[in-house]
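*Asks:* Below is a structure I'd like to ask you about.
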Amino acid sequence: MALVAAHALTKRYGSSVIALDALTLEVEPGIIGLVGANGAGKSTFLKILLGLIQPTSGAAQVLDMDVTRQGTEIRQFVGYLPEHDCLPSDVSATEFVSHMGRMAGLPAAAARERTAEVLRHVGLYEERYRPIGGYSTGMKQRVKLAQALVHDPKLLLLDEPTNGLDPAGRDEMLELVKRTGTEFGIATIVASHLLGEIERVCSFLLAIDAGKLLRAAPIASFTERTGTLGVEVEDGADGLAARLTDAGLQAVVEGRTVLVDCPDERPYDIVRDAIDDLGLALVRLEHRRHRLEDLFRAEEPTVDAA
Amino acid sequence: MPRSPPLTQREPALAARESATGAIYDLGYRGYDGPRLGRRSAVATLFWASLRAAFGLKRSGRAKIVPWGLSAFLVAPAAVVVAISALVPGAPTPFSYDDYLWNLQILVAIFVAAQAPELVSADQRNQVLSLYFSHALLRSDYALAKLGALAAAVFGLTLVPMLVLFFGNVLLAADVPKAFGDQLENLPQVFGAPLLYALPLAALGMAIAAYTPRRAYATGAIIAVFIVSAAVGAILGEATSGTVARLAPLVNPFVAIDGTRDWLLGGSIAESPVHDSGLALWWFGAIALAIVVVGAATVVWRYRRIAA
């Protein structure tokens, strides 16, 4: 069973703005990162999955239910953390989360029990009996996560869960998201414009740009080794590059680093000997890895292209 | 505000008990396999929660001042009347079941103006709407649950003084069983009049309140509509003649409500312009029904369209 599937999903606002452009994808359960710049269509996609907004054309399924026809059924099994503030100020976290649990269809007793459990999980203790209006941003973000979890959803949709948090708060929230996804086994889609965060918690990545799917693959495949060897030296990178080129290797200079095309093991000895001969001070010798940021570059910088 | 340490470091009590007894208390995350009651339960929950909110229950003391103050003012005359007739048997009573709510309509109007925004403004202002709409209910369910809660609140508010009158008349009579028998014929008025006040006023108040996240604006707008409609009705009735003058009272929703009450439950009251207008009573019923239908449709339409 696919967790989420979309087929030619399109959402237009008016005639000119296209939020989603024939998006087609299918994802399996796990912690899925949905990454894209602001305005790439992440929030629109999540809202369509929830049935909050209707697609202009195309179709999407969540847990094998159709988003346009089975919205209320889907929403019983989905937890949603919106990007913006969404909490009342005059009620306590306990009351609010329990109320939301009942809105999700839990009986009163179960809602109370689960509220205590999820508030403990997100790390709200004595504070939970005070009105939410007095909470810090970090605590509010925890309440938002708690209300999304209270009904034990099969799918959790988190829209920029670290929004407005300071670095330490971000770390805690990401840790919480990771625990929720891995230990509790709740399938999670995390939308973010911060690649570093996605990289830390997600196992699978969906990259969208301007409403189109850029790439869908396991995170590992984005960060695997490339065929490029980076050689960083104190001085004389230009001389080294020239020497290596003479030896028949492809080499370019990038600052203090020489990038060497390295399809097999042969270049290692040549590089070592060249540095020794030139008497250079070697700082670092490493295989370059793909970086997630490369996804959003018009062209990936490679030795050949440079 | 001091930062909370990560969860894993925060359960010293549990850790201590673990080491003391050798038992493992960290149950970890438990799923939920129980029933999911779906849309009907969500709507019922929202209705009851909103009804409680209309009277400030489970809220701060400040939220209780307006609804409970108005309730007290609305019940007080009935209580006084009952007390007087207990002390001075046969004393003339200034209020009857028929005109009680008419005479105290200003209090009911203030309740609607104050509490309709209480039910809906904050959800818009704090953007809680997106959370409601991401649960198992429809936008129209939200609209109707809120409208129903306000109508129920106004019904409860206006029913209490009617019941005070009723039970006062029964229990303070010399012959209680006989008085109960005599008073039974008033029961339709006791329950019907509050209902006829509740539905149109709630629909009107909610239709206005749903349009702004600002509570004060909504309250001001509802008060303004009541004042302006009453003034326009009165002025048109005085300043014009012929058909316009006869139809003028219909502009005031309270007159429409009183006419409907008169039509369905009987009991004309002298102060109301209903009879002076000479209009057939069903006219008032039609206007009151129109207020309910248009008001409810407006609320539903608003929540269908609102961005969330």
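Read-outs: derived from the displayed coordinates by stated rules, not from any lab. Note that the structure is predicted; figures quoted are calculated from it, not measured. Note that each Cβ is placed from the backbone with ideal geometry, even for glycine, and that neighbours are counted across all protein chains shown.
*Asks:* Decide, for region B:52-187, between rounded, prolate and oblate: order the square roots of the alpha carbon gyration tensor eigenvalues as a ≥ b ≥ c, take rounded if a/c falls under 1.5, and otherwise choose prolate if a/b is larger than b/c, else oblate.
*Replies:* Prolate shape, in that a/c is at least 1.5 and a/b is the bigger ratio.
*Asks:* Would you work out which of B:ALA230, A:THR228, B:ALA202 lies farthest towards the positive end of the dipole of the protein assembly as shown? Charges go on Cβ: Lys and Arg +1, Asp and Glu -1.
*Replies:* Looking along the dipole axis, the top candidate is B:ALA230.
*Asks:* Among A:LYS140/A:LYS178; B:LYS58/B:LYS146; A:LYS140/A:LYS212; A:LYS11/A:LYS178; A:LYS47/B:LYS58; A:LYS47/A:LYS212, which pairs are too far apart, with a Cα-Cα distance over 24 Å?
*Replies:* A:LYS140/A:LYS212; A:LYS11/A:LYS178; A:LYS47/B:LYS58
*Asks:* Grab the Cα-Cα distance for B:PHE191 and B:HIS275, subtract it from 0.36 nm times how many residues apart they are, and report the gain in nm with one decimal.
*Replies:* 28.0 nm
*Asks:* Be a star and scan region B:198-213 for residues whose amide nitrogen sits under 17 Å from the point 7 Å along the Cα-to-Cβ vector of B:VAL293.
*Replies:* B:199-201, B:203-204
*Asks:* If you take every DSSP beta bridge fully contained in the protein assembly as shown, what fraction is antiparallel? Give it as a percent rounded to 5.
*Replies:* 65 percent
*Asks:* Please average, across the residues of B:42-52, the number of beta carbons from any other chain that are within 10 Å of each residue's own beta carbon, and give a whole number.
*Replies:* 3
*Asks:* Once you have the Cα-Cα distance between B:ILE223 and B:TYR29, take 0.36 nm times their residue separation minus that, and quote the gain in nm to one decimal.
*Replies:* The B:ILE223-B:TYR29 span can extend by a further 64.7 nm.
*Asks:* Moving on to the next point. Please give the helix B:12-21 orientation as an angle from the longest Cα principal axis of chain B, in degrees from 0 to 90, rounded to the nearest 10.
*Replies:* For B:12-21 against chain B, the angle is about 60 degrees.
*Asks:* Then there is this: Output ³J(HN,Hα) for region B:45-60: one whole-Hz value per residue in order, computed from phi by the Karplus curve 6.51 cos²θ - 1.76 cosθ + 1.60 with θ = phi - 60°, and x for Gly and Pro.
*Replies:* My calculation for region B:45-60 gives 4, 5, 4, 5, 5, 6, 5, 4, 5, 4, 10, x, 6, 6, 10, 5 Hz in order.
*Asks:* What does the structure give for A:81-90 when I average, per residue, the other chain Cβ atoms found within 10 Å of the residue Cβ?
*Replies:* 5
*Asks:* Right, something else. So for A:VAL201, B:VAL43, fewest C-beta neighbours within 10 Å to most, what's the order?
*Replies:* With the fewest neighbours first, A:VAL201, B:VAL43 line up as B:VAL43, A:VAL201.
*Asks:* What does the charge count near A:ALA251 come to, summing +1 for each Lys or Arg and -1 for each Asp or Glu among other residues with Cβ under 11 Å from its Cβ?
*Replies:* -3
*Asks:* Next question. Can you find, among A:VAL4, A:ALA109, B:LEU57, the residue sitting farthest towards the positive end of the charge dipole of the protein assembly as shown, where Lys and Arg contribute +1 and Asp and Glu -1 at Cβ?
*Replies:* B:LEU57
*Asks:* Turning to a different aspect of this structure: With only alpha-carbon atoms in the gyration tensor, what are the semi-axes of the equivalent ellipsoid for chain B, in Å, largest first?
*Replies:* Result for chain B: semi-axes of 46, 27, 17 Å.
*Asks:* Where a ≥ b ≥ c are the square roots of the eigenvalues of the C-alpha gyration tensor, would you call region A:92-187 rounded, which needs a/c under 1.5, or, failing that, prolate if a/b is larger than b/c, or oblate?
*Replies:* In terms of gyration-tensor shape, oblate.
*Asks:* Hey, got the dipole for region A:174-239? About the Cα centre, +1 on K and R Cβ, -1 on D and E Cβ, debye to the nearest 20?
*Replies:* The dipole magnitude comes to about 600 debye.
*Asks:* Where in region A:161-178 is the amide nitrogen less than 20 Å from a point lying 7 Å along the Cα-to-Cβ axis of A:SER89?
*Replies:* Within reach of a label on A:SER89, which here means backbone N under 20 Å from a point 7 Å along Cα→Cβ, region A:161-178 contributes A:164-165.
*Asks:* Arrange the following residues from fewest to most other Cβ atoms within 10 Å of their Cβ: A:SER98, B:SER85, B:SER60.
*Replies:* Going from sparsest to densest Cβ surroundings: B:SER60, B:SER85, A:SER98.
*Asks:* Along each principal axis of its Cα atoms, how long is the protein assembly as shown end to end? Whole angstroms, biggest number first, please.
*Replies:* Cα extents, longest axis first: 123, 70, 42 Å.
*Asks:* To continue, here is another question. When a footprinting reagent is the concern and you count Cβ atoms within 10 Å, what order do B:ASP262, A:ASP171, A:ASP152, A:ASP277 take, fewest first?
*Replies:* Ranked by crowding around the Cβ, least crowded first: A:ASP277, A:ASP171, B:ASP262, A:ASP152.
*Asks:* Using R₀ = 56 Å, calculate the FRET efficiency as 1/(1 + (r/R₀)^6) where r is the Cβ-Cβ separation of B:ALA86 and A:ARG120; round to 0.05.
*Replies:* Computed FRET efficiency for B:ALA86 and A:ARG120 comes out at 0.50.
*Asks:* Let me ask something additional. Which FRET efficiency, nearest 0.05, do B:ARG304 and A:GLU232 yield, Cβ-Cβ r, R0 56 Å?
*Replies:* That pair, B:ARG304 with A:GLU232, gives E of 0.35.
*Asks:* Put +1 on the Cβ of each Lys and Arg and -1 on the Cβ of each Asp and Glu in the protein assembly as shown; which of B:LEU159, B:PHE111, A:PHE45 then has its Cα farthest toward the positive end of the dipole?
*Replies:* The Cα lying farthest towards the positive end belongs to B:LEU159.
*Asks:* Tell me, what is the FRET efficiency for A:THR24 and A:HIS193 to the nearest 0.05, using R0 = 22 angstrom and their Cβ-Cβ distance as r?
*Replies:* 0.50
*Asks:* Of the residues B:PRO194, B:PRO67, B:PRO94, which exhibits the maximal mean-square fluctuation in a Gaussian network model of chain B defined by a 10 Å Cα contact cut-off?
*Replies:* Maximum fluctuation in the GNM of chain B, among the listed residues, is at B:PRO94.
*Asks:* Report, in debye and to the nearest 20, how large the dipole of region B:201-290 comes out about its Cα centre when Lys and Arg carry +1 and Asp and Glu carry -1 on their Cβ.
*Replies:* 380 debye
*Asks:* About its Cα centre, how strong a charge dipole does chain A have in debye, to the nearest 20, once Lys and Arg get +1 and Asp and Glu get -1 at the Cβ?
*Replies:* Computed about the Cα centre, the dipole is about 1680 debye.
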